[in-house]
Amino acid sequence: MKKPYIRRRKRVLKRLLVGVSLFLLGAAIFQSLYLLKGQFPILHWVANPLFLLCLMTLLAIVAYKPLDGLFVEIFKRFLFKKKSYAHLALMRLAEDLRLTLDLQELGNLIVNTFGEILHLKTAALVLPVSPKGKYKIIAGYGWNVSDYRKVHLSPEAPLIHLIRDSGPHVLIRNRIFRMVSWQDANRLAHDFDALRAGWIIPLFVQKEVVGLLAISSPQPDRKFDQADFQLFREFSDSIAKSVKIAAQYSELKQAATELQDSQSQLIQKTKLAAIEQLATGIAHEIHNPLTIISGKAQVLLLRKDRDHLEPNVEEVLKTIVRQTKRAADITRKLLMFTQGTVGKKESLSLEQVLADTIALVSYQTSLEGIEITRSVTPDIPPYKANIHEMREIFFNLILNAVQSIQSPGKVHAELDYDPHDQIWIIRISDTGKGLGQELIDKLFNPFFTTRHGALGLGLFVTKQIVHRYGGSIRVESRPKQGSLFIVQLPYTDKIGSDPLSETSPAQATS
Amino acid sequence: MKTLLVVDDEPEICDFLKLFFEERKYQVRTATSGQEALDMIPKVKPQVVLLDVHMPGMDGLTALKRIKETYSDIKVIMVTALETREKIEEAIRYGADNYITKPLSLEYLEKDVREKVAHLAGEKISQRE
């Protein structure tokens, strides 16, 4: 983008041309006087070499400045087009402005072009940012990102008022300060300083202030001239328009994203509602027959002291009771996770819950050649939660990790605590088959599964529980590189204030 | 005599509960709707009512409300296929004495009913004194 600047070469050439012109001028005068001497003998002193010296010195003194100026002008206009680089760059900028819709990209383009062609220390594009309309720097040249993020002007700041009042004129710090009272100057200085600005180029679209360009005072060796002002005026117009369009575009994009988000939330809610309805229907229709089957089997079983039961019959009856309960648990689980549970909350050692869960699955996994390891940060405070729900989280995540591993592999569970934000962190990683982005997006959807015969509720349920505790769950994964699930559970006071937590009856589980 | 009223729109459920509790020396009457149960209570005078929540006609929660309004000393155990939070809250607000879900664990149910009856007996004794 940046072309070699040819100022020095030009200067040498200019001096040379001025010298040659002076010489030619001197020679011409001398020649004409010499010719005149023939007719007017009184001019005999022309032949004296001292005269030639005096003439040349006089010319050099009198004509150098105007000639120099003349050549500068000629250079500017025709030969080297002094503004050519600036002009070209700004013309290209104008072209790019039309093609760029991204506000950030546009901002960078503007400040960088300005900064480079005008050799500025700093340049910043300042725009009103919704919702409060505070003016913030969205792109800076010669600024640290972290520095300019901190800068903001209220819509009522003196500088903004001044711009509104004075219209689309370039504001020069020192000149403005001379024109206003010292109190106003003081207040304005604050705004100018905040933006590190010597000059402010307001951006107007019709009568609306769409933003401003704050640029540092030019370096001492480089003064802005009439042509620069012309440039500023020309380009502030097109910049203002592009910025306005880009700002509107980004607002639209933002609105579209929000709409999409709320849409997907709505879909998720609708899905949940549908599942709830389905589960309620299933529960009602299936639990009654299950109750009858299980009930009659239990009647027979509980009679075994009186009526003799064949051992195999007793076994069958027990199986019936067990299996009907299992069938009922599916719908109960479904229901439990589409709405809040009535579980009792208590202070739990998540470490203990993790250990219990690993103990539960490790027998099976050791047969499959899967090793489960864990690391726990010392002194993690107890977490107030429902033990079944916490078990569900660990169990689902660990089971999910185990099931993603086809050959021997490893699952690692980590328990961590962030005392500053009071967040309990669970990380479960595996060496399994990993997931592509399109699977990650669907991973927490109900009934989504990659395994044959699985219900696809484990991670969905986990997410529901985590969200109920105000926490978050996310996954980092790549195909064939394993997965990492991270659950963060924040401390909340609301947990445990459930009015039902103490009164809800616990049904005996057989 | 310990008297139990079983209310469920599934006759089969009423049947095995009746069989089960009769074997444990309870007098058991059954009803298949909330209205029928309300009609029977003055005659049967049960100590404990096992009440299904979902029934055609008058549902269990309405029946519970009526029973508790008129006969505050009758213990009512809600029995349901569903355990939505709202229903449980509603039942507890109406004064349900317990809330258990299907399929039933008969051992647990019997223990619960026995406790309720014993509790009632204790209350009566203390009232007489």
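The values are calculated or read from the model by the stated rules, or taken from the named source; none is laboratory data. Fair warning: this is a prediction, and the values are worked out from it, not measured in the lab. Here the Cβ is made from the backbone with ideal geometry for all residues, glycine too, and neighbour counts use every protein chain on show.
Tabulated data for the structure shown
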{"read-out": "1 or more residues within 24 Å of the chain's Cα centre (by Cα), closer than 20 Å to A:Val205 by Cβ and of a type outside the set (Phe, Trp, Tyr): qualifying helices (runs of 4 or more DSSP H) within segment A:94-177", "value": "A:103-117"}
{"read-out": "Breaking point among (1) in a helix (DSSP H, G or I); (2) in contact with a helix residue (DSSP H, G or I) (Cβ under 7 Å, 6 or more places away or on another chain), for A:Arg322", "value": "(2)"}
{"read-out": "Of the criteria (1) under 30 Å from A:Arg326 (Cα atoms); (2) within 12 Å of chain A (Cβ to nearest Cβ), which one B:Val48 fails", "value": "(2)"}
{"read-out": "Test: residue in segment B:33-43 that is of a type in the set (Val, Ile, Thr) and either within 14 Å of chain A (Cβ to nearest Cβ) or within 30 Å of A:Thr331 (Cα to Cα) (or both)", "value": "no"}
{"read-out": "Top-ranked residue in segment B:21-46 [being assigned to a loop (DSSP other than H, G, I, E, B) and of a type outside the set (Val, Ile, Thr); ranked as surrounded by the most Cβ atoms within 10 Å (Cβ to Cβ)]", "value": "B:Pro46"}
{"read-out": "Selection status of A:Lys296, over 30 Å from A:Lys121 (Cα atoms), within 14 Å of chain B (Cβ to nearest Cβ), assigned to a helix (DSSP H, G or I) and modelled with pLDDT of 75 or more", "value": "yes"}
{"read-out": "The lone exception for A:Asn386 - which of (1) surrounded by 20 or more Cβ atoms within 10 Å (Cβ to Cβ); (2) more than 23 Å from A:Ser472 (Cβ to Cβ) it fails", "value": "(2)"}
{"read-out": "Scan of segment A:405-451 for residues that are more than 31 Å from the chain's Cα centre (by Cα) and over 20 Å from A:Ile370 (Cα atoms), ordered by number", "value": "A:Phe447, A:Thr449"}
{"read-out": "Within segment A:89-108, tally of residues that are in contact (Cβ under 8 Å) with a residue 24 or more places away in the chain and either over 18 Å from A:Arg196 (Cα atoms) or surrounded by fewer than 22 Cβ atoms within 10 Å (Cβ to Cβ) (or both)", "value": "13"}
{"read-out": "Residue count, segment B:1-20 (criterion: within 13 Å of chain A (Cβ to nearest Cβ) and within 13 Å of the chain's Cα centre (by Cα))", "value": "5"}
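Residues checked against (1) in a helix (DSSP H, G or I); (2) of a type in the set (D, E, K, R); (3) within 30 Å of A:His169 (Cα to Cα):
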{"position": "A:Ser238", "(1), (2), (3)": "yes, no, yes"}
{"position": "A:Ser242", "(1), (2), (3)": "yes, no, yes"}
{"position": "A:Ala247", "(1), (2), (3)": "yes, no, yes"}
{"position": "A:Ala279", "(1), (2), (3)": "yes, no, no"}
{"position": "A:Asp307", "(1), (2), (3)": "no, yes, no"}
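For (1) touching a strand residue (DSSP E or B) at 6+ places or on another chain (Cβ under 9 Å); (2) part of a helix (DSSP H, G or I); (3) within 13 Å of chain A (Cβ to nearest Cβ); (4) over 20 Å from B:Ser33 (Cβ atoms), each residue gets a yes or a no:
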residue	(1), (2), (3), (4)
B:Thr62	no, yes, no, no
B:Ile67	yes, yes, no, no
B:Lys87	yes, yes, yes, no
B:Pro103	no, no, yes, yes
B:Asp112	yes, yes, yes, yes
B:Lys116	yes, yes, yes, yes
